Amino acid sequence: MAVLHLLVGTTSGNTEFLADTISDELIEQGFETELHYEPELEALPTSEPWLVLLSSHGAGDYADSMLDFYDEITAPQTPDLSDLNYAVIAIGESSYDTFCQAGRHCDERLQELGGTRMLERLEIDMLQDDPEQKAAQWIPSITDALKAL
Ligand SMILES: Cc1cc2nc3c(=O)[nH]c(=O)nc-3n(C[C@H](O)[C@H](O)[C@H](O)COP(=O)(O)O)c2cc1C
């Protein structure tokens, strides 16, 4: 089975913790993962699936570790991601008008660039949800999607 690449967009570490937890669980279930803490488009194979975990900062901006990635996917010379299968977990707080805006943007942008969304975006509200519990409930959807590739 293909390697799942986890792209981690974090400023203060919450999303990194969540990505590590999800990766550990997937490995336990027999999947192979690779974590990218500062993802660079050039280093990411588009023939293998991606799981983007991205928190919003500023006014709906990408978290620090994915600011370069944002520049890469919005540059005038845009990449062709037509081989790509991906899913997004968006992290934020519902007190912001721009709730989960970075994850929503990334999800739409990857699709615009030709990627195929494997499943609906998961949005985690750090004010209301238990992130690990919500992710654990969602893991069967991603494992099913990966098995179907
Ligand atoms: C300065 C600041 C700005 C934020 N802006 C947003 C925002 O625009 N939308 C949102 O949904 N959450 C926003 N958040 C909430 C963060 O996404 C949330 O705290 C998240 O857990 C941070 O994840 P991280 O530790 O992986 O960076 C903001 C948090 C901070 C501290």
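The values are calculated or read from the model by the stated rules, or taken from the named source; none is laboratory data. For clarity, every value in this text was computed on a predicted model and none was experimentally measured. All Cβ positions, even for glycine, are placed from backbone atoms using ideal geometry, and neighbour counts span all protein chains on display. Please note that ligands, DNA and RNA were not included when accessible areas were found on the heavy atoms of the full protein model with its side chains. Shrake-Rupley method; radii C 1.70, N 1.55, O 1.52, S 1.80 Å.
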* the chain, Rg to Rh (Cα coordinates; Rh as Kirkwood inverse mean 1/r) -> 0.93
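Under a 1.4 Å probe, what is the accessible area of the chain per residue, stated in Å²?
With the other protein chains kept in place, the chain gives 50 Å² per residue.
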* Summarise the accessible area of region 4-147 (1.4 Å probe, protein heavy atoms) by the percent that is carbon and sulfur. => 41
* Structure fact -> If R0 = 41 Å, then Val3 and Asp125, at their Cβ-Cβ distance, give a FRET efficiency to the nearest 0.05 of 0.85
* To do: Looking at the chain, send over the antiparallel percent of its DSSP beta bridges, to the nearest 5.
  => 10
* Asked: If each of Glu32 and Ala59 carries a label point 7 Å out from its Cα toward its Cβ, how far apart are those two points in nm?
  -> 4.5
* For Arg109 and Leu149 in the same chain, what is the full-extension length gain: residue separation times 0.36 nm, less their Cα-Cα distance, in nm? -> 12.3 nm
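Can you compute the helix-only [θ] at 222 nm over the chain? Use -39500 (n - 2.57) per DSSP H run of at least 4 residues, normalise by all residues, nearest 500 deg cm²/dmol.
Value at 222 nm, helices only, nearest 500: -11000 deg cm²/dmol.
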* Structure fact -> If R0 = 25 Å, then Tyr96 and Glu42, at their Cβ-Cβ distance, give a FRET efficiency to the nearest 0.05 of 0.20
